[in-house]
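S.K.: Here it is, the structure, as structure tokens.
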Amino acid sequence: MAEVRAEMVANVWKVVVAEGDSVSEGDTLVILESMKMEIPVLAEDSGVVTGLKVAEGDVIQEGDLIAVIEAS
């Protein structure tokens, strides 16, 4: 199981995946917006998204859980 966490304070601009989606290492999960820059959050492992903990418009803090990926 891999937990994907925020590396900075940001707004969730776009959610690209949904729970149950299969992802590969390097796939974009969500796009954050901070200081007018778009920052993609990438999957660090391949697997299935079993938990998506953010929604578009959320403000997240450094260290907040974004998604959980279970190895397939």
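The values are calculated or read from the model by the stated rules, or taken from the named source; none is laboratory data. Just so we're clear, the structure is a prediction, and the values are computed from it rather than from any experiment. Cβ: placed from backbone, ideal geometry, glycine included. Neighbour counts: every protein chain shown. Surface areas here come from the heavy atoms of the whole protein model, side chains and all, with no ligands, DNA or RNA. Shrake-Rupley method; radii C 1.70, N 1.55, O 1.52, S 1.80 Å.
S.K.: Would you mind stating whether Ser46 is surrounded by 13 or more Cβ atoms within 10 Å (Cβ to Cβ), more than 12 Å from the chain's Cα centre (by Cα) and hydroxyl-bearing (Ser, Thr, Tyr)?
M.R.: Values: surrounded by 13 or more Cβ atoms within 10 Å (Cβ to Cβ): yes; more than 12 Å from the chain's Cα centre (by Cα): yes; hydroxyl-bearing (Ser, Thr, Tyr): yes.
Spelling it out, Ser46 is indeed surrounded by 13 or more Cβ atoms within 10 Å (Cβ to Cβ), more than 12 Å from the chain's Cα centre (by Cα) and hydroxyl-bearing (Ser, Thr, Tyr).
S.K.: Quick one: Ser72 ticks every box in (1) outside any strand (DSSP E or B); (2) among the polar types (S, T, N, Q); (3) at pLDDT 95 or above bar one, so which box is it?
M.R.: (3)
S.K.: Search the range 3-22 for residues being small (Gly, Ala, Ser) and buried (at least 17 other Cβ atoms within 10 Å of the Cβ), and hand back the single one that is farthest from the chain's Cα centre (by Cα).
M.R.: At the first step, the residues of the range 3-22 found to be small (Gly, Ala, Ser) are 6, 10, 18, 20, 22.
When the remaining residues are screened for being buried (at least 17 other Cβ atoms within 10 Å of the Cβ), the result is 6, 10.
On the way: Ala6: 8, Ala10: 12 Å.
Ranking the qualifying residues of the range 3-22, first place goes to Ala10.
S.K.: Could you tell me how many of the residues in the range 49-62 are outside any strand (DSSP E or B) and either without any contact (Cβ under 8 Å) to a residue 24 or more places away in the chain or closer than 22 Å to Glu25 by Cβ (or both)? Break it down into steps so the answer makes sense when it comes.
M.R.: If we filter the range 49-62 for residues that are outside any strand (DSSP E or B), which is where we start, we get 53-58, 61-62.
If we keep only those that are either without any contact (Cβ under 8 Å) to a residue 24 or more places away in the chain or closer than 22 Å to Glu25 by Cβ (or both) as well, we get 53-54.
Adding up the residues that qualify gives 2.
S.K.: List, please: which pairs have Cβ atoms under 7 Å, are six or more places apart or on different chains, and start with a residue in the range 4-17 that is in contact (Cβ under 8 Å) with a residue 24 or more places away in the chain and among the charged types (D, E, K, R) and end with one that is open to solvent by less than 70 Å² (accessible area, probe 1.4 Å) and in a strand (DSSP E or B)?
M.R.: Within 7 Å, the pairs are Arg5/Leu65; Arg5/Ile66; Lys14/Val30; Lys14/Ile31.
S.K.: Separate question: Do you know which residues across the range 23-39 are part of a strand (DSSP E or B), over 12 Å from Val12 (Cβ atoms) and open to solvent by 40 Å² or more (accessible area, probe 1.4 Å)? Steps first, answer last, please.
M.R.: Start the filter on the range 23-39 by keeping residues that are part of a strand (DSSP E or B), which leaves 23, 28-34, 37-39.
Checking which are over 12 Å from Val12 (Cβ atoms) leaves us with 23, 28, 37.
Thr28, Met37 - these are the residues of the range 23-39 that are part of a strand (DSSP E or B), over 12 Å from Val12 (Cβ atoms) and open to solvent by 40 Å² or more (accessible area, probe 1.4 Å).
S.K.: Applying the selection to the range 1-16, what residues are among the hydrophobic types (A, V, I, L, M, F, W, C) and either assigned to a strand (DSSP E or B) or under 10 Å from Val41 (Cβ atoms) (or both)? I'd like the intermediate steps shown before the answer.
M.R.: Narrowing the range 1-16 to residues among the hydrophobic types (A, V, I, L, M, F, W, C): 1-2, 4, 6, 8-10, 12-13, 15-16.
Ala2, Val4, Ala6, Ala10, Val12, Trp13, Val15, Val16 - these are the residues of the range 1-16 that are among the hydrophobic types (A, V, I, L, M, F, W, C) and either assigned to a strand (DSSP E or B) or under 10 Å from Val41 (Cβ atoms) (or both).
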